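Note sheet for the following structure.
The values are calculated or read from the model by the stated rules, or taken from the named source; none is laboratory data. In this text the structure is predicted, and so the values were computed from the model without any measurement. Note that each Cβ is placed from the backbone with ideal geometry, even for glycine, and that neighbours are counted across all protein chains shown. The accessibility values were calculated without ligands, DNA or RNA, using every heavy atom of the protein model including side chains. Shrake-Rupley method; radii C 1.70, N 1.55, O 1.52, S 1.80 Å.
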Amino acid sequence: TVNIGKNCVIGPNTILRNTTLHAGVEIKANSIIDGAEIAKNCVIGPFARIRPDTQIAAGAHIGNFVEIKKSTIGANTKINHLSYIGDSEVGQHV
C-alpha cells in the first residue's frame, strides 16, 4: 500500500512499499522506502534507504547513501550523506 500526496516528485529507479508520502515530498533517484511515513516538504535521496517503522517529520532532508531504520526524525532535520540511523529519535533542527 502506497499513498502519495499532492505535488510529490518521485525520481527514477525508486522503490516504494507500504509507505505514505505527504504533499510536496521529493524522492530522488535510486531510493528505497519501505514501511515509512514521510511528512510534507521532505527531500529524500538519491540512493537513500528508509526501512520499516520510520517517521520523518516535515521539512527534513535525507541525503545520499543514508540508511534509516525504525527511527523518528524531527522537523527540519538534515542527515546529509553516508550515515546510518537506527532505533533512534532525532529531534528538530538537527
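Could you give the size of the charge dipole of the chain about its Cα centre, using +1 on the Cβ of each K and R and -1 on the Cβ of each D and E, expressed in debye and rounded to the nearest 20?
160
Excluding ligands and nucleic acids, what accessible area in Å² is computed for Asp53 using a 1.4 Å probe, to the nearest 10?
110
Tell me, what is the per residue accessible area of the range 1-92 in Å², probe radius 1.4 Å?
52
With an 8 Å Cα cut-off and a minimum separation of 6 or more residues, compute the relative contact order for the chain in percent. Don't skip to the end; give the middle numbers.
Values: 325 pairs, mean separation 17.0, N = 94.
With pairs under 8 Å counted, the relative contact order is 18 percent.
Based on alpha-carbon positions alone, could you give the equivalent ellipsoid semi-axes of the chain from the gyration tensor, as √(5λ), descending, whole Å?
Rounded to whole Å, the semi-axes are 17, 14, 13.
Which is farthest toward the positive dipole end of the chain among Ile4, Thr20, Phe65, measuring Cα position about the Cα centre, with Cβ charges +1 (Lys, Arg) and -1 (Asp, Glu)?
Ile4
Sort Val43, Val9 from largest to smallest accessible area, using a 1.4 Å probe on the heavy atoms of the protein chains.
Of Val43, Val9, the descending order of accessible area is Val9, Val43.
Please report the carbon-and-sulfur percent of the accessible area for the chain; probe 1.4 Å, protein heavy atoms only, DNA, RNA and ligands left out.
Roughly 48 percent, rounded to a whole number.
Given the pairs Lys28/Lys78; Lys40/Lys69; Lys40/Lys78; Lys6/Lys40, which span a C-alpha to C-alpha distance of over 18 angstrom in this model?
Check vs 18 Å cut-off fails for Lys40/Lys69.
Test of understanding: what is the full-extension gain from Asn80 to Asp34, defined as 0.36 nm times their sequence separation minus their Cα-Cα distance?
14.6 nm
At what distance in nm do the modelled label points of Val2 and Phe65 sit from each other, each positioned 7 Å from its Cα along Cα→Cβ?
2.5
Express in Å², to the nearest 10, the accessible area of Ile27 obtained by rolling a 1.4 Å probe over the protein heavy atoms while all chains stay in place.
Ile27 has an accessible surface of roughly 0 Å² with all protein chains in place.
Sort Cys8, Cys42 by heavy-atom solvent-accessible area, probe 1.4 angstrom, most to least.
Per-residue accessible area, sorted high to low, gives Cys8, Cys42.
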